[in-house]
Amino acid sequence: MNFLNNYRIRATLRSLADWRPPAACLGCGAACRDGLCIGCLDDLPALPCPCCAICAMPVPAGSVCGHCLAAPPAFATTHARFAYAGWLAQAIQAAKFGGRWHAFALLGRHLARALPAPCVDWVIPVPLAAPRLRERGFNQAQELAAALARAWRLPLRHDALLRLRDGAHQARSSRAARARNVRGAFAAPRPLDGTVLLVDDVMTSGASLHACARALREAGARRVECCVLARTL
């Protein structure tokens, strides 16, 4: 727990610091001043429209997808603009497992520019379990959430959710296995009210976001909305 508290303090100080983007483009490595060159900005993979109003999965009718109709998740809607594809998918993987937290701060700022500011009371990142956080050195959802909260001038709650246990990497699991893997894995230790924006880097089946949203609603949140950097297709 001391490790988690120390990490939260460091992450908060980072979000308040006068951060400067790297001199090389995150997408192609070319020299640039803003961390992303004009070419890679233009090549950010956009989500196809229309999308499910709840989980942002592209659907022909543009209303609600079959999965959300059959088993409505605990969250109400998902704010997403980019697809998990192309150079963005490669950059997310390289940054997540290469200790490059600054990539998520940079991408979070661009996501904030691409989306309208939501009407929410709190911004809350999906937490990592302590062993995974210690291994990785940072929580990519925390870095994204801090960038979004700062850009939209919304309060950030980094202590509103806990991950009680870790599990297998979700990327290697089926939809059913993902749901089993995160069932009961999250808890909200304090009462919470208002509308919450739950932030994560990539949304695939939505199982982790659903489990987090359920914990937040059990703690008193009236409504939970999700925001993700990238959505798988």
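Read the figures in this text as sums done on the coordinates, not as results from a lab. Fair warning: this is a prediction, and the values are worked out from it, not measured in the lab. Positions of Cβ are generated from backbone atoms using ideal geometry, with glycine treated the same way; all protein chains shown enter the neighbour counts.
In whole angstrom, segment 60-189 maps to an equivalent ellipsoid with semi-axes of 22, 21, 18, each derived as √(5λ) from the alpha carbon gyration tensor and ordered largest first. Based on Cα contacts under 8 Å between residues 6+ apart, the chain shows a relative contact order of 21 percent. Note on the chain: GNM, Cα springs under 10 Å; of 223, 150, 113, the largest mean-square fluctuation is that of 113.
Roughly how big is the chain's charge dipole about its Cα centre, with Cβ charges of +1 (Lys, Arg) and -1 (Asp, Glu), in debye to the nearest 20?
500
For the chain, set up a GNM with springs between Cα atoms under 10 Å and report which of 123, 59, 182 has the largest fluctuation. So, out of 123, 59, 182, the one fluctuating most is 59. Using θ = phi - 60° in the Karplus curve 6.51 cos²θ - 1.76 cosθ + 1.60, the 3J(HN,Hα) couplings for segment 110-122 round to 5, 5, 4, 6, 7, 10, x, 5, x, 8, 10, 9, 9 Hz; x is entered for Gly and Pro. Computed packing ranks the peptides 141-148, 104-111 as 141-148, 104-111, most packed first, by mean other Cβ atoms within 10 Å. Entry for the chain at q = 0.18 Å⁻¹: log10 I(q)/I(0) = -1.53, Debye formula applied to identical alpha-carbon scatterers, no solvent contribution. Across the options 67, 56, 208, the greatest Cα extent toward the positive end of the charge dipole of the chain (unit charges at beta carbon of Lys, Arg, Asp, Glu) belongs to 208.
In a simple Cβ point-charge model (Lys, Arg +1; Asp, Glu -1; nothing else charged), segment 50-151 has a dipole of about 300 debye relative to its Cα centre.
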